[in-house]
1. May I ask you to list the residues in the stretch 1-33 that are at pLDDT below 80 and touching a Ser or Thr at 6+ places or on another chain (Cβ under 7 Å)?
2. If I filter the stretch 25-50 down to residues being assigned to a loop (DSSP other than H, G, I, E, B) and within 13 Å of the chain's Cα centre (by Cα), which single residue comes out as farthest from Lys79 (Cα to Cα)?
3. Is at least one residue of the stretch 65-79 in a loop (DSSP other than H, G, I, E, B), in contact (Cβ under 8 Å) with a residue 12 or more places away in the chain and within 26 Å of Gly6 (Cα to Cα)?
4. Across the stretch 25-56, which residue is surrounded by the most Cβ atoms within 10 Å (Cβ to Cβ) among those that are closer than 22 Å to Tyr71 by Cα and of a type in the set (Gly, Ala, Ser)?
5. Look at Ile59 and say whether it is closer than 18 Å to Lys79 by Cβ and touching a strand residue (DSSP E or B) at 6+ places or on another chain (Cβ under 7 Å).
6. Return yes when Gly48 is small (Gly, Ala, Ser), under 25 Å from Asn85 (Cβ atoms) and modelled with pLDDT of 90 or more and no when it is not.
7. Since Ser22 meets every condition but one in (1) touching a residue at least 40 places away in the same chain (Cβ under 8 Å); (2) assigned to a strand (DSSP E or B), which condition does it not meet?
8. Which residue is surrounded by the most Cβ atoms within 10 Å (Cβ to Cβ), if the candidates are limited to the stretch 60-86 and must be of a type in the set (Val, Ile, Thr) and at pLDDT 90 or above?
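The values are calculated or read from the model by the stated rules, or taken from the named source; none is laboratory data. Just so you know, these numbers come straight off a predicted model, no measurement behind them. Cβ placement follows ideal geometry from the backbone for every residue including glycine, while neighbour counts extend to all protein chains displayed.
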Amino acid sequence: MIDQVGNTKIKLKHRATCHCGSVVLELTLPNGIENPRRCDCSICRRKGAIVGSVDLSGIRIVEGQEFLKFYQFNTNTAKHYFCSNCGIYTHHQRRSNPFDLGDVVTNDGVNHPADRTAS
């Protein structure tokens, strides 16, 4: 079980947003993030997203339902949701169990050295 990601402590109820803030989700994570994994389908490989499962009853769209769009392909079973304003992938309803990842390294994209100006 993961109970902290970076500086974010995982609580029973956790809010998540897209990049522009138009879509706000509330996730119920009674045990924190359990078994994070990566799917290797064609769209998930391109997104590079790490996922953790939440019961369908444990995800609620708080704001911005009208901005959510979804994309389906192949068997049209899985639903990949994204914000129609900023394009950020918010969540998906999978069609099967993804594959285990093992340890996942997180790179610090917020404090990237290339973003610093020379002094």
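1. Answer for the stretch 1-33, where residues must be at pLDDT below 80 and touching a Ser or Thr at 6+ places or on another chain (Cβ under 7 Å): just Gly6.
2. Looking only at the stretch 25-50, we keep the residues that are assigned to a loop (DSSP other than H, G, I, E, B), and these are 29, 31, 34-36, 39-41, 48-50.
Remaining after also requiring within 13 Å of the chain's Cα centre (by Cα): 36, 39, 48-50.
Details: Pro36: 19, Cys39: 14, Gly48: 16, Ala49: 14, Ile50: 16 Å.
Per the criteria, the residue is Pro36.
3. no
4. Across the stretch 25-56, the extreme among qualifying residues is Gly52.
5. Numbers: closer than 18 Å to Lys79 by Cβ: yes; touching a strand residue (DSSP E or B) at 6+ places or on another chain (Cβ under 7 Å): yes.
Considered against the rule, which asks whether it is closer than 18 Å to Lys79 by Cβ and touching a strand residue (DSSP E or B) at 6+ places or on another chain (Cβ under 7 Å), Ile59 comes out as yes.
6. Working: small (Gly, Ala, Ser): yes; under 25 Å from Asn85 (Cβ atoms): yes; modelled with pLDDT of 90 or more: no.
Considered against the rule, which asks whether it is small (Gly, Ala, Ser), under 25 Å from Asn85 (Cβ atoms) and modelled with pLDDT of 90 or more, Gly48 comes out as no.
7. It fails just one condition, (2).
8. Of the stretch 60-86, the ones of a type in the set (Val, Ile, Thr) are 61-62, 75, 77.
Remaining after also requiring at pLDDT 90 or above: 61-62.
Details: Ile61: 16, Val62: 12.
Going through the qualifying residues, I end up with Ile61.
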